[in-house]
Amino acid sequence: MATSNLTILAVDDHQDNLTALKAVLADAFPGARMLTALNGPKGIELALAEGPDVILLDIVMPGMDGFEVCRRLKADHRLRDIPVVFLTALETGRESRVKALETGAEAFLSKPLDEVELTAQIRAMAKIKAAHVSDRQEKQHLASMVLERTRDLEHELAERKQAEEGLRQANAELTAIYASVPAALLLVDRDRRVTKLNQAAALFAGRSGEEMLGLRGGEVLRCLHALDDQRGCGFGPSCASCPIRLAVVDTFADGKGRDQVEAVLPMVAGQPSEDRCLLISTAYLESNGVGNVLISAHDITGRKRMEEALRVSEQRYRSLFENMLEGFAYCRMLFDEEGRPVDLVYLDVNDAFQQLTGLLGVVGKRVTEIIPGIRESSPELFEIYGRVALTGRPESFEFDFGLELTSRWLHISVYSPAKGYFVAVFNNITERKLHEADREGMLAILRLANSANNTRELIRTVTAELQGWSGCEAVGVRLREGDDFPYFESRGFPAEFVQAENYLCARDANQELLRDSHGNPVLECMCGNILCGRFDPRKPFFTAGGSFWTNSTSELLGSTTEADRQSRTRNRCHGEGFESVALIPLRCSGETLGLLQFNDRRTGRFTPERIAVMERAAASLAIALEQRRTQEALRASEKRYRLISVNAE
């Protein structure tokens, strides 16, 4: 330690002694810091505050003498390393020196002081202090290292104990799992011999575990192929392709496990033997350089049989589902926050449903997406479906399923397999409903025909009935008037159309009637064909009874010629947008009285059956017209006879 950095504390009850001592030390240790105290307690206080390198202590002091001060300094762990040099004027006998050393002092100097000895003693004491400090720091460092290492060792020990406990628990768990898992577990060596197995394997094989140790897998599992060769499992003709054997061999070869390997093996599980299906997984395990393969085997024979039965049942159901004549739709009902049915999603439909409704590709879609506006146009559908889906009570009803290109009556039976879902079964009753409507229409026309009314009233009421019965947008009746057949009554036709099409006779530039070679007036357009009997029943748009009908004037004009249509047509019906057109002659006793005309802008409004009913209705109406014409002629004749009779008198 450099003397310039020394801090020296001198304790003496005489100020003169302290002043002299400071002068001596200032010359010997220039730059050193000199502290003084006039009594023991003050000296201890300064020692604690300043930590001097050397303490020069007088023995004889009032109150607390030097020996007591030294004992207290050495008793304090903060001060015990500071060297203490006693300075005294007492005779330095042996007893005083012993007492000084017993109190812990490092040196003893007698007064008057020898400056050289004092200086040497202070330097020696400073070195002792430095050595004490270094020793203490080293001890502290070592203690710190020991403490840190002890903590590390304690932490490592705790972690090791925790790991050992975790390993013990894991081993216990694995042992429990190995013993209780329902799968048969076999540990086999490279010769495929069993070295360990669990209780499930013993139960599956029907023998004790000790009995099976050392056997090959097929022998343990009682595979009949193990009996094909006297060497046992793995050597028979079928063993080369055994899925279990291949999985084990491949796992040993590449160290990679195999999962979900199915193997069907003939086994002696009872009398007689039967094929059993096993689901195999393998895992490669190595311990102390020795490799083994763990085989996990699940008997899934029952599951496979159930799957096969389910497949056959599903196939049977699917065949029935796809080939049933009734339409079938499985749906999920959608409700709003207040529980009101607002939509439905098609989950599955069969072919018959698509044929009956004309709706294709509906699965997974909402009905409001497929048929926009159906919720507003047919709210009763949503009410019935929603009610069945919520209550589970089946219902059935009839529904007129009418779309732009599809119009038919359906009988719908609804039931719910689960809450919120429903199944709808559809039967096409269109033909029955049409027959009913046709019968009602015919009865109505017959009632009108047999009622006591004149021709004008008859045609008016019949036209209204025909329009309602047929559902057509426009219906008209043409009756003979001289050489022509103007509209006698019309409903639904634009006034401009009726005015333009009212007369059928062709005229020349001078507005004179054109006549054929027999002197008959030439009647134009398709109406003229029907009235004149110009038709070819071999054409699909003519009937044997002389009627004309089409469900699409656009297709007719695009696919036929004027020769096919028997004459030049004006095509005003098509120009007005009418696609479905039917013209039915009114004939009685070989005479043509007129015709019935049915027009609609929608396509597909007629069927051959409906045209046949229209022809029967026209025949009944023609008879009624002829009766009224005859009655009117008879009344006119009677009137003439009465006039002649009156005039003769």
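For segment 421-481, what is the accessible area per residue in Å² when the probe is 1.4 Å? Working shown, then result.
On the way: 2820 Å² over 61 residues.
Heavy-atom accessible area per residue stands at 46 Å².
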Once both label points are put 7 Å beyond Cα along the C-beta direction, the Lys161-Asp536 separation in nm becomes 11.1
Listed by chain and number, the residues whose amide H is under 5 Å from that of Leu586, excluding neighbours fewer than 5 places away on the same chain and using placed H, are Leu593, Gly594, Leu595, Leu596
For Cα extents along the principal axes in Å the list reads (1) 73, 65, 46; (2) 207, 88, 48; (3) 67, 67, 52; the calculated value is entry (2)
As straight-line cross-link partners of Lys304, the qualifying aspartates and glutamates (C-alpha separation under 16 Å, not fewer than 8 residues apart within one chain) are Glu262, Glu274, Asp275, Glu314
Rounded to the nearest 10 degrees, the helix 66-75 long axis (Cα) sits at an angle to the longest Cα principal axis of the chain of 30
Two pseudo-spin positions, 7 Å from Cα along C-beta at Ser589 and at Asn323, lie apart in nanometres by 5.9
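When a/c is below 1.5 the answer is rounded, else prolate if a/b is larger than b/c, else oblate, so apply that to segment 464-541 with a ≥ b ≥ c taken from the square roots of the Cα gyration tensor eigenvalues.
oblate
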Counting only DSSP loop positions in segment 310-373, the GluC sites (Glu not before Pro) whose Cβ has at most 10 other Cβ atoms within 10 Å are Glu337, Glu338
Tilt, helix 430-449 to longest principal axis of the chain (alpha-carbon atoms), in degrees rounded to tens, equals 30
Between the modelled labels at Gln354 and Asp189 (7 Å from Cα along Cα→Cβ) the distance in nm is 6.4
Given a Förster distance of 22 Å, the FRET efficiency implied by the Cβ-Cβ spacing of Leu203 and Gln260, rounded to the nearest 0.05, works out to 0.45
Checked segment 506-626 with the C-alpha gyration tensor, a ≥ b ≥ c its square-rooted eigenvalues, rounded below a/c of 1.5, otherwise prolate if a/b is larger than b/c and oblate if not; verdict oblate
Filtered hits (aspartates and glutamates, Cα-Cα < 12 Å from Lys365, offset >= 8 within chain) -> Asp343, Asp348
Scalar couplings 3J(HN,Hα) for segment 145-158 by Karplus 6.51 cos²θ - 1.76 cosθ + 1.60 (θ = phi - 60°), nearest whole Hz, x for Gly and Pro, are 5, 4, 4, 5, 5, 4, 4, 4, 5, 5, 5, 4, 5, 5
Restricting to lysines and to Cα separations under 23 Å from Lys196, and discarding same-chain partners fewer than 8 apart, the set is Lys256
The helix 243-254 Cα axis meets the longest alpha-carbon principal axis of the chain at an angle in degrees, between 0 and 90 and rounded to 10, of 40
With DSSP loop assignment and no more than 13 other C-beta atoms within 10 Å, the trypsin sites (Lys or Arg not before Pro) in segment 368-444 are Lys419
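Would you kindly state how much longer the chain becomes between Lys196 and Arg629 on full extension, computed as 0.36 nm times their sequence separation minus their alpha carbon distance, in nm to one decimal?
Result for the pair: 144.7 nm of gain on full extension.
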Violations at 21 Å Cα threshold for listed pairs Lys139/Lys161; Lys22/Lys42; Lys74/Lys129; Lys22/Lys111 -> Lys139/Lys161
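The values are calculated or read from the model by the stated rules, or taken from the named source; none is laboratory data. Note that the structure is predicted; figures quoted are calculated from it, not measured. FYI the Cβ positions are ideal-geometry reconstructions off the backbone, even for glycines, and counts take in every protein chain you see. When the accessible area is computed, the model is the full protein with side chains, heavy atoms only, and any ligands, DNA or RNA have been set aside. Shrake-Rupley method; radii C 1.70, N 1.55, O 1.52, S 1.80 Å.
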